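Everything on this sheet refers to the single structure shown next.
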Amino acid sequence: MDRIGVSFLDPLEDYELIHRIGCGTYGDVFKARNIKTSELAAIKIVRLDPGDDITSIQQEITMMKECKHKNIVAYFGSYHRNTKLWICMEYCGGGSLQDMYQGWLQRWLQWKRRAATTTCAISGLLASLPSSWPSSSRPCLTSTP
Ligand SMILES: Nc1ncnc2c1ncn2[C@@H]1O[C@H](COP(=O)(O)OP(=O)(O)OP(=O)(O)O)[C@@H](O)[C@H]1O
């Protein structure tokens, strides 16, 4: 951990936890605030037990440290304290890509249902037109609900 610049100081000296925002393969993720700068952060807290293979976590930290781009979550630092590893990073208020995808999917399904309902209503209305109505002036409805 030393090798990748993890601090052994108390993370609660630097961050206050606000609430839990999610949970991943390695542990819970919390919304937090940097006490000195008031900047928001997301902190992943991973429980480390003696004998755990920490290679993949070290790789995740190393990768986050090296990836510096405006479209990639920024890495703020890590702390190893009392069997817990705190990985601090930029807070993304829009949620995960999966959350966004679920939102789009729901909206699209809702829109599709509304379109089908409207089509049915208009079809019913057209069917109720008097048969004496000249076919040349009947509106034509085509849809693929
Ligand atoms: N930087 C962040 N800003 C805001 N929310 C985040 C951030 N990172 C993670 N989260 C939230 O925490 C949840 C868990 O994230 P985490 O990266 O631990 O798990 P994951 O996305 O399932 O990936 P993994 O398989 O690596 O654990 C996400 O789904 C997201 O809602």
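On the basis of being part of a loop (DSSP other than H, G, I, E, B) and within 13 Å of the ligand (Cβ to nearest atom), does THR37 make the cut? So THR37 does not fit the description; no. Selection of region 15-58 for residues being closer than 18 Å to ILE4 by Cβ, in contact (Cβ under 8 Å) with a residue 12 or more places away in the chain and not small (Gly, Ala, Ser) yields TYR26, ILE43, LYS44, ILE45, VAL46, LEU48, ILE54, ILE57, GLN58.
Let's see how each residue does on (1) within 30 Å of ILE72 (Cα to Cα); (2) modelled with pLDDT under 80; (3) in contact with a strand residue (DSSP E or B) (Cβ under 6 Å, 6 or more places away or on another chain):
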{"position": "ASP99", "(1), (2), (3)": "yes, yes, no"}
{"position": "LEU105", "(1), (2), (3)": "yes, no, no"}
{"position": "LYS112", "(1), (2), (3)": "no, no, no"}
{"position": "THR117", "(1), (2), (3)": "no, no, no"}
{"position": "SER123", "(1), (2), (3)": "no, no, no"}
{"position": "ALA127", "(1), (2), (3)": "no, no, no"}
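Selection of first residues in region 59-72 that are under 18 Å from GLY5 (Cβ atoms) and surrounded by fewer than 11 Cβ atoms within 10 Å (Cβ to Cβ) and of second residues that are modelled with pLDDT of 90 or more and of a type in the set (A, V, I, L, M, F, W, C), restricted to Cβ pairs under 8 Å at least 6 apart or on distinct chains, gives the following pairs, ordered by first then second residue: LYS68/ALA74.
If you go through region 73-119 and pick out every residue that is closer than 14 Å to PRO11 by Cβ and either of a type in the set (D, E, K, R) or free of Cβ contacts under 8 Å to residues at least 24 places away in the same chain (or both), you end up with 3. Just one of the numbered conditions (1) over 16 Å from ASN82 (Cα atoms); (2) more than 10 Å from the ligand (Cβ to nearest atom) is not true of GLY24: (2).
Out of region 71-84, which residues are more than 14 Å from the ligand (Cβ to nearest atom) and not in a strand (DSSP E or B)? Result: ASN82, THR83.
Looking across region 1-21, the residues that are surrounded by 15 or more Cβ atoms within 10 Å (Cβ to Cβ), at pLDDT below 95 and either under 22 Å from the mean Cα position of the chain (by Cα) or of a type in the set (A, V, I, L, M) (or both) come down to MET1, VAL6, ILE21. Restricting attention to region 85-94, does a residue exist that is out of contact with any strand residue (DSSP E or B) (no Cβ under 7 Å at 6 or more places or on another chain), within 14 Å of the ligand (Cβ to nearest atom) and modelled with pLDDT under 90? Yes - at least one qualifying residue is present in region 85-94.
Each residue in region 29-49 was checked for being in contact with a Lys or Arg (Cβ under 9 Å, 6 or more places away or on another chain), modelled with pLDDT under 95 and of a type outside the set (A, V, I, L, M, F, W, C), and 1 pass.
The values are calculated or read from the model by the stated rules, or taken from the named source; none is laboratory data. This one's a predicted model, so the numbers in the text were calculated from it and none came from an experiment. Heads up, the Cβs are rebuilt from the backbone with ideal geometry, glycines too, and the neighbour counts pull from every protein chain shown.
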